[in-house]
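The values are calculated or read from the model by the stated rules, or taken from the named source; none is laboratory data. What you see is a predicted model, and the numbers here were worked out from it, not measured in a lab. Neighbour counts are summed over all protein chains in view; Cβ atoms, including those assigned to glycine, are modelled from backbone coordinates with ideal geometry. In case anyone asks, the SASA skips ligands and DNA or RNA and just uses the protein heavy atoms, side chains included. Shrake-Rupley method; radii C 1.70, N 1.55, O 1.52, S 1.80 Å.
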Amino acid sequence: MKKQIIIIALFLLGITLFNDVKAQSLTTSQVENAIKKDGKYAILVQNSMHFMVSVMTGEEYKTKNAGIQFEIILIGEVVKDLAEKEDLKAFIQRAEKAGIKIVVCEFAMNKLGVKKSQYHSSILTTPNGFTYIFGLQELGFKTITL
């Protein structure tokens, strides 16, 4: 039994000593340039700051490649902020101009007392933001939640 343990320990030691360690060899620019020209991306957002940054990211992507599909799905407090805060209206217009789709969760709207009429006409709604983003994933969208 002791011989087997020693043999296994020596084997594992040999594997670790004689295998090359490979670190990531890509630069940040190479990684950022890997965004596909016809890529499909979506961000699930819960607050105003993340909404604004998501719009700026979408603008950047759409400027580089007009064929990119970019969606921002809103849940939580940002749903109310989007209807009431004046500083977000400029970001709604920027998103519309860039061709970024904004989708708001109706469940959150109901919980926060927001009506669809309070939103800009370009904003779409969905009954459930989570179900919507799962659907986008099934359609091949790369998604992230903030």
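Structure notes:
- Close pairs (6 angstrom Cβ cut-off, 6 or more residues apart or separate chains): of a type in the set (Phe, Trp, Tyr) in the range 34-50, open to solvent by 70 Å² or more (accessible area, probe 1.4 Å) anywhere: Tyr41/Lys142
- Wholly enclosed helices (runs of 4 or more DSSP H) of the range 22-104 bearing at least 1 residues in contact with a strand residue (DSSP E or B) (Cβ under 9 Å, 6 or more places away or on another chain): 48-64, 78-84, 89-98
- Of all residues in the range 41-83, those satisfying the criterion of being open to solvent by 10 Å² or more (accessible area, probe 1.4 Å) and among the polar types (S, T, N, Q) are Gln46, Asn47, Ser48, Thr57, Thr63, Asn65, Gln69.
- Phe18 passes every criterion in (1) modelled with pLDDT under 95; (2) open to solvent by less than 90 Å² (accessible area, probe 1.4 Å); (3) out of contact with any strand residue (DSSP E or B) (no Cβ under 8 Å at 6 or more places or on another chain) apart from (2).
- Pairing residues of the range 85-97 that are hydrophobic (A, V, I, L, M, F, W, C) with residues that are open to solvent by less than 50 Å² (accessible area, probe 1.4 Å) and not in a helix (DSSP H, G or I), at Cβ distances under 6 Å and at least 6 apart in sequence or on separate chains, gives Ala95/Ile102.
- Condition met for Asn128 (open to solvent by 90 Å² or more (accessible area, probe 1.4 Å) and among the polar types (S, T, N, Q)): no
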